[in-house]
1. How many residues does the range A:228-238 contain that are among the hydroxyl-bearing types (Ser, Thr, Tyr) and open to solvent by less than 40 Å² (accessible area, probe 1.4 Å)?
2. From the list A:ALA123, A:ALA54, A:ALA106, exactly one residue is modelled with pLDDT of 90 or more and either closer than 30 Å to A:HIS19 by Cβ or open to solvent by less than 40 Å² (accessible area, probe 1.4 Å) (or both). Which is it?
3. I'd like to know if the range A:59-71 contains one or more residues that are within 16 Å of RNA strand B (Cβ to nearest atom) and touching a strand residue (DSSP E or B) at 6+ places or on another chain (Cβ under 6 Å).
4. Looking at the range A:40-51, which of its residues are open to solvent by less than 50 Å² (accessible area, probe 1.4 Å) and touching a Gly at 6+ places or on another chain (Cβ under 9 Å)?
5. Out of A:GLU119, A:GLU152, which single residue is touching a residue at least 40 places away in the same chain (Cβ under 8 Å), of a type outside the set (A, V, I, L, M) and within 12 Å of RNA strand B (Cβ to nearest atom)?
6. Would you check which residues across the range A:314-362 are within 16 Å of RNA strand B (Cβ to nearest atom), hydrophobic (A, V, I, L, M, F, W, C) and either assigned to a loop (DSSP other than H, G, I, E, B) or touching a strand residue (DSSP E or B) at 6+ places or on another chain (Cβ under 8 Å) (or both) and list them?
7. Going by the conditions given, is A:TYR448 assigned to a helix (DSSP H, G or I) and at pLDDT below 85?
8. May I ask you to verify whether A:ILE411 is among the aliphatic types (A, V, I, L, M), surrounded by 19 or more Cβ atoms within 10 Å (Cβ to Cβ) and over 19 Å from A:PHE389 (Cβ atoms)?
Amino acid sequence: MLMENIRVRFAPSPTGYLHVGNARTALFNWLFVRKKKGIFVLRVEDTDIERSAAEYEHQLIEDLRWLGLDWDEGPDIGGPFGPYKQSLRMDIYSVYTQKLLEEGKAYYCFCTPEQLKKEREEALSSGKIPIYSGRCRFLSPEEAMRRLEAGERGAIRLKTPDSGTLSFNDLVRGNLSFDLKLTGDPILVRSNGRPAYNYAVVIDDSLMQITHVIRGEDHISNTPRQILTCEALSISPPQFAHLSMVMGKDNTRLSKRHGATAVAQFKREGILPEALFNYLALLGWAPPEGEEVLIKDDLIKLFDLEKVSRSSAIFDYDKLHWLNRQHIKRLPPRKKAEIAYPYLKKTEILPEVMTEEHWKWLERAVECFLEGVDRFADLPEKFALLFDFSPSDMDKETREILQSESAALVIKLFVKKISKVEKFDYPTFAAITQEIKEETGYKGKSLYHPLRVAFTARSSGLELDKFIPLVEDGAKISFPKPLKDCAQRVSEMLEFLQ
RNA sequence: GCCCCUGUCGUCUAGCCUGGUCUAGGACAUCGCCCUUUCAAGGCGGCAACACGGGUUCAAAUCCCGUCGGGGGCGCCA
């Protein structure tokens with residue numbers, strides 16, 4: 001028997017791709033509940049038919065799973081308190097609505113949206129409180145019935161107190177209190193018969209026995225309304241915890257113009273799910289010990305909802321990238337190659353069908369190039385060092401290296417010597433350069449720099465002890481675009497020079 | 001306009017509840033040095049913050065008040 005039966009939920013509406021802000025909310029819920037060994041519920045809030053789409057719902061589930069979250073009850077796996085989609089729960093809500101109407105705790109409102117909008121604007125411009133006037137509150141039930149029967153469509157509102165204070169304890173912010181005269185009668189059911197968000201959540205959370213509601217700060221001012229609804233329904237409200245918002249660099253809500261915001265986008269760029277997971281957990285929370293590179297199990301152990309920051313946090317792409325590098329490093333070589341493959345196949349560096357020989361080579365190549373790479377999507381560009389060798393496209397800096405006094409001689413000698421060797425590898429390279437060094441007296445930069453350029457047509461890149469074996473072995477394997485070996489490269493370079 | 005939340009290095013934060021141990025700690029970024037046949041990685045080091053103004057106190061980042069800044073909300077959106 002569990003001492004406390006903690007149940008939390010993540011309740012997104014399928015109106016767009018999963019945003020990192022929402023992902024963080026989901027993650028904090030997950031961390032909290034996994035630590036407490038409770039139940040995580042996924043519920044889809046699709047009461048707004050105009051904006052919801054099935055396509056988004058699938059994407060949402062996929063993104064959540066990719067991030068590494070799992071749930072114990074949800075629309076895709078069912079559970080004892082289903083259905084887990086609000087659009088499938090319409091008849092449930094109406095039972096409660098009937099009850100509230102009968103008890104006189106809710107009433108029909110026939111004001112039109114246009115009328116309400118006008119009133120709101122007038123109130124705002126004259127400095128008054130822009131809340132519902134309560135005009136229909138005093139309509140008798142008989143009058144309401146009459147108008148309904150006459151074909152008028154009405155929304156249903158909750159009758160709320162006109163004065164007093166309502167306060168509740170927020171798990172991250174402490175005691176919060178609100179002046180009830182500033183809270184108008186909220187719409188429970190829209191005139192199209194669909195429940196409004198604030199109403200549906202209350203009923204669903206109660207029926208699904210949710211004990212802790214962990215959500216964004218933008219819901220703080222909804223909370224009094226929801227507690228009032230609980231009271232009308234005679235149910236006890238859950239505990240609340242409101243998380244701060246995620247901002248962009250300019251301290252406005254994180255949006256597309258700041259960079260990637262959708263989980264799927266980070267996935268596409270080659271951010272590891274464990275890195276995004278790790279980063280999101282660090283956004284507004286810090287582990288007590290100081291070590292920040294953490295995996296899920298560590299995070300579950302260390303997480304503490306009450307230690308979550310109350311102020312908003314700016315999303316830092318640099319730190320995400322750093323964490324990504326840290327997590328990439330921890331991956332076994334084969335895994336890195338497998339993740340890298342799609343990115344390289346897409347740019348036609350690697351073939352559709354990979355032999356074991358390809359994989360082995362790729363493992364080595366990826367191991368070399370991944371150093372200092374932020375995301376897997378940056379890899380094709382790095383591989384160009386191997387696959388694109390064109391002396392005619394060299395940049396200014398590279399050409400200058402070739403114009404140094406040592407360059408022509410070193411390359412010429414090298415071509416001569418390499419033509420005599422059976423098998424070229426790094427030790428051979430070392431031997432040849434040693435000979436050139438002795439013959440010409442050139443050493444260090446003046447010796448190696450021209451050779452680097454001769455091999456790569458670039459002034460920087462991999463270290464040659466890594467580059468040479470990779471190219472030599474790669475040249476023996478078939479690729480969509482063949483890999484030239486070193487001998488060929490140097491002679492092409494010499495040709496170009498003359 | 002009104003209400004609510006929030007304010008420690010450029011950024012994420014530790015410390016704040018339970019004043020002194022804070023000449024404010026860590027991480028990212030940045031800068032410098034080392035390593036190195038370039039770059040990166042790695043190692044070492046530097047720069048850098050208690051929003052402001054009043055109180056309370058022997059003593060305030062920590063407690064109180066005010067100001068200012070930032071965010072959110074005031075929907076038949078969620």
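1. Applying the first criterion (among the hydroxyl-bearing types (Ser, Thr, Tyr)) to the range A:228-238 yields A:229, A:234, A:236.
Checking the rest, the ones that are also open to solvent by less than 40 Å² (accessible area, probe 1.4 Å) come to A:229.
Residues meeting the conditions: 1.
2. Details: A:ALA123 fails: modelled with pLDDT of 90 or more; A:ALA54 fails: modelled with pLDDT of 90 or more.
Going through A:ALA123, A:ALA54, A:ALA106 in turn, the sole match is A:ALA106.
3. no
4. Of the range A:40-51, the ones open to solvent by less than 50 Å² (accessible area, probe 1.4 Å) are A:40-48.
Correct list: A:PHE40, A:VAL41, A:LEU42, A:ARG43, A:VAL44.
5. Details: A:GLU119 fails: touching a residue at least 40 places away in the same chain (Cβ under 8 Å).
The match here is A:GLU152.
6. A:ILE314, A:PHE315, A:LEU331
7. Numbers: assigned to a helix (DSSP H, G or I): yes; at pLDDT below 85: yes.
Here the answer is yes, as A:TYR448 does meet what is asked.
8. Numbers: among the aliphatic types (A, V, I, L, M): yes; surrounded by 19 or more Cβ atoms within 10 Å (Cβ to Cβ): yes; over 19 Å from A:PHE389 (Cβ atoms): no.
In short, no.
The values are calculated or read from the model by the stated rules, or taken from the named source; none is laboratory data. Note that the structure is predicted; figures quoted are calculated from it, not measured. A quick note on method: Cβ atoms are made from the backbone with ideal geometry, for glycine too, and the neighbour counts reach across all protein chains shown. Ligands, DNA and RNA are stripped out before the accessible areas are found, and what is left, the full protein with its side chains, is counted by its heavy atoms. Shrake-Rupley method; radii C 1.70, N 1.55, O 1.52, S 1.80 Å.
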